[in-house]
Every structure is written in structure tokens, then in C-alpha cells.
Amino acid sequence: MPSEQTTRTESSNESDEGATESPLETARRQLHTAATHVDVDVGVIERLKHPTRIVEVSIPLERDDGSVDVFTGYRAQHDDVRGPYKGGLRFHPEVSAEECVGLAMWMTWKCAVMDIPFGGGKGGIVVDPKDLSTDEKEQLTRRFAEEIRDAVGPSQDIPAPDMGTDAQTMAWFMDAYSMQEGETIPGVVTGKPPVIGGSYGREEAPGRSVALIAREAAEHYGKAIDDLSVAIQGYGSVGANAARLLDERGADVVAVSDVIGGIYDSDGLDTHSIPSYREDPEGVKHYDAPQTVGNAELLELDVDVLVPAAVGNVITTENASRIAADIVVEGANGPTTSGADAILEERGVHVIPDILANAGGVTVSYFEWLQDINRRTWSLERVNEELESEMLEAWGAVSAEVEERGVSWRDAAYIVALERIGVAKEARGLWP
């Protein structure tokens, strides 16, 4: 139970092992660890350390005041042995080529864990979207689509929303691409509005998969969902959707938080009455809960399941020894540093990795791609049923490795991914 007022602040992660790792360094380290457990040719491992290509473009933008700025954009394509490159486009001031390569590698692993026929891609523009008007954001998106048009396509590389982008951004991108190709090609991106070829359930999918995997993890360790206490850091799209589904299925979501702060009720919160951060940026703050809780303190609550669903590097060597949850289900990308991961494993805290837990997004993106190719829309009920089926298949594959090899859930997920990629590499061979 939290104190009435939080006094601890989130400490700096600069000294934490792994906190200063770039996504590329982390991805390569995880590849090396998984490689020690599988029989994959060393040549394949060496190839997977590097992207197929990195596209870098300059994007001129005429501002609303008539001035012209030039922005830099990237698209990293890691590996397509199992299918077209797949991954988000982000608008953020810290986007870099190295970051895009690392995140593209993660997408390769995530698609392989889910056994969907995509490889890994990632891209973005070095810009703060808060500094753009709506018209400027549209023009920047359209020009970026033109600059990378030769590198993308429904059978080549399929972008999706990410930080600083959304369904509308994807609609602009798809329209710009289609205008130049001379026909409407909805499958060039996913995460679009359903009215132009998007899929029902796509926005909710990452949170939904987090809830499904949390349920499976709890049952794996003998905990019934109707007797489960859950704390969720991050009440945006992922966290709010996970919270509401867990609540519907009988779990007690006792704490949630957003960037402003959090709330706590030992009897469980009415998650459907709490607006997500997108619905109301101050919704959590204004909700009438018995107690408030800070973001740092929420991570250390004594609950059955902790879901860090906000940002990366929040569980570090500084606080890993105080994590009281039995199970951590990663809703955000990279919320646990490598140093913290080792501490949690030693303490017997079970960490279900992001490449499995939040893979609902790319899975429903795959469903959207199929719908676009076939020009046939699925109902929300079908999307949710298919997503649950795919998540359970992936859970079964990863849990089998945990049981057979006695490894952590993270290592097991990477083993599953690497084995599948290795088999595909061996089948296709090296050209020429």
C-alpha cells in the first residue's frame, strides 16, 4: 500500500548498466545471447547484426509563415527473409539512423515470435511534432512519402504509426503514395482509419495483447485472473486498453498512472470511468481515488502483476531490488534495462518481454494488410478472436522454451524468433 504522499522521485538511469545502451546495442546483445542457445549458422548471426539498408532523405518544408526548413528522415530495413519489412514511422527530435536500425531489429524478432510473414523495419523524421501545425505535419508527411516511395510498398516495406504519428498520418502517407502510383494502394501502410482500409481493433491491439499475455502468465504461475492485483504505469492507449480488458475479465487493477501522476485503490479502480491520457490528459489526476501514487512508487507496489506501459528504462538497477510484483509484463518497448533484468531474474521475478506482450499491434497490422490485399473488411469480433488465437500460439511456443530449457521468458522469446529466422535463412540460402 502506498504512502499518502510520494516522496521518492525517479532517479537518473545514467549509471545503470544497459540504460545508456542504444537500441542497436541492445538488439545486438540480445541476438548474441539467443545465439548461444540455438543451432544457427554463424554466418546467419553475422548477417542479422546488420541492416539490409538505411535510406536517408532530406525533406524540405515550407512553413506556414513562408519560411523553409529542411528535415532529415530515415527508413531502416533490417531483414526480409520471412516477408516484407514492417515497422513504425516516428516523428521525434531524437530520431537517428542508429536508433532506427536497432528498432528495426526488434521488429524482426517480434514478427518472428508471432510467426507472421514480415521482417523488421523502422523509420522517422527528426522533428518535434509539437512544433508543427496540422498543415505542416501533413505536408511533411506527404513529402517524406514521396522521398522514400521507391523503398516502400505493400510487398516491400509497410510503415505504421509510432511516436508522434497516428492514423491520420498514415492516411496522408497512403494518399501521397497512391497519387504517385496512379491507383489507391491501402496496403502500403497499416494503422489507417477503417474508412480507408484500416482495421477495426488496430489501435486497441497492443493493450489487448498485454492483457491476454498477463492473463496467461498469471495462470502459468497458478494465479486466477479474478484473484489478480495489477498496477499499470502509463495510462495511454496501451495501458488503458490493457487495464480495461483485465478489469472486464475479473482482475483488480489497483493502480494506474500517467505522466502527471497516479492513483491507487486497494479494492480496485473502475478503469472504464478513468479517461485515458488521449481521451483527457488530466483524466487520471481528476479521478476520485482514495489515494495518489507517484510513477516511481507505483512500480514498487506489492501486486501480482506490474505492467510498465509508458516509456523505456523505468525499471533499472536502482529500483529493481524493490520491485514487489511477482510478474512484470512489458507493455512499453524496453522498459527494463539489462542490469535490472539480471536482478529481477535472480530474485525470481518473471519478466514477460515486450516483443511478445505488446505484439498485438503488429499482429493486427498483419490482419489489416490481409484485409487490404483481399479488399475484404473483418468485423471487430473476428479481429479480436484472431488476435487472441495468435497470441496464445505465440505464448505456447515461448512457454515451451521456458519449460524445456529453463531460460528466462526474454531469452525464450528470442530463441523462438532466432530459430524461425535461421530456418528461413537456411531454406532461402545466400544469393548470389
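For this structure, a couple of remarks:
- A Förster radius of 41 Å combined with the Cβ-Cβ distance from residue 156 to residue 272 puts the calculated FRET efficiency at roughly 0.50.
- Taken one residue at a time, the phi angles of the range 134-145 give Karplus couplings (6.51, -1.76, 1.60, θ = phi - 60°) of 4, 5, 5, 5, 4, 5, 5, 5, 5, 5, 4, 4 Hz. Gly and Pro are set to x.
- In this rough spin-label picture, where each label sits 7 Å from Cα along the Cβ direction, the residue 65-residue 183 distance is 4.5 nm.
- Global form of the range 327-432, assessed from the alpha-carbon gyration tensor, a/c cut-off 1.5: oblate
- Averaging the Cα positions of each part gives two centres, and for the range 41-56 and the range 195-271 these lie 36 Å apart.
- Rounded Å value of the spacing that divides the Cα centres of the range 103-141 and the range 381-432: 23
- Loop-located trypsin sites (Lys or Arg not before Pro) in the range 117-163, at most 13 other Cβ atoms within 10 Å (DSSP): none
- Cβ-based charge dipole, the chain, positive-most Cα from 126, 197, 339: 197
- Shown for the chain: lysine pairs separated by 8 or more places, or found on different chains, whose C-alpha atoms are under 15 Å apart, numbering 5.
- Here the calculated FRET efficiency for residue 393 and residue 226, from their Cβ-Cβ distance with R0 = 25 Å, stands at 0.50, rounded to the nearest 0.05.
- Charge tally in the Cβ shell below 10 Å around residue 325, where Lys, Arg are +1 and Asp, Glu are -1, residue 325 excluded: -4
- Rounded if a/c under 1.5, otherwise prolate or oblate - the range 262-413, Cα gyration tensor axes: oblate
- Rg and Dmax over the alpha-carbon atoms of the chain stand at 21.1, 67 Å.
- Global form of the range 90-199, assessed from the alpha-carbon gyration tensor, a/c cut-off 1.5: oblate
- Residues whose placed amide H lies under 5 Å from that of residue 351, excluding near-sequence neighbours: 328, 409
- Positive minus negative residues near residue 217 (Lys, Arg vs Asp, Glu; Cβ under 12 Å): -3
- Residue-normalised accessible area of the range 163-322, given per residue in Å² at a 1.4 Å probe: 38
- Percent accessible area from carbon and sulfur atoms, the range 204-357, protein chains only, probe 1.4 Å: 42
The values are calculated or read from the model by the stated rules, or taken from the named source; none is laboratory data. Everything numeric here is computed off the predicted structure, so don't read it as measured data. Positions of Cβ are generated from backbone atoms using ideal geometry, with glycine treated the same way; all protein chains shown enter the neighbour counts. SASA here: full protein model, heavy atoms, side chains in, ligands and nucleic acids out. Shrake-Rupley method; radii C 1.70, N 1.55, O 1.52, S 1.80 Å.
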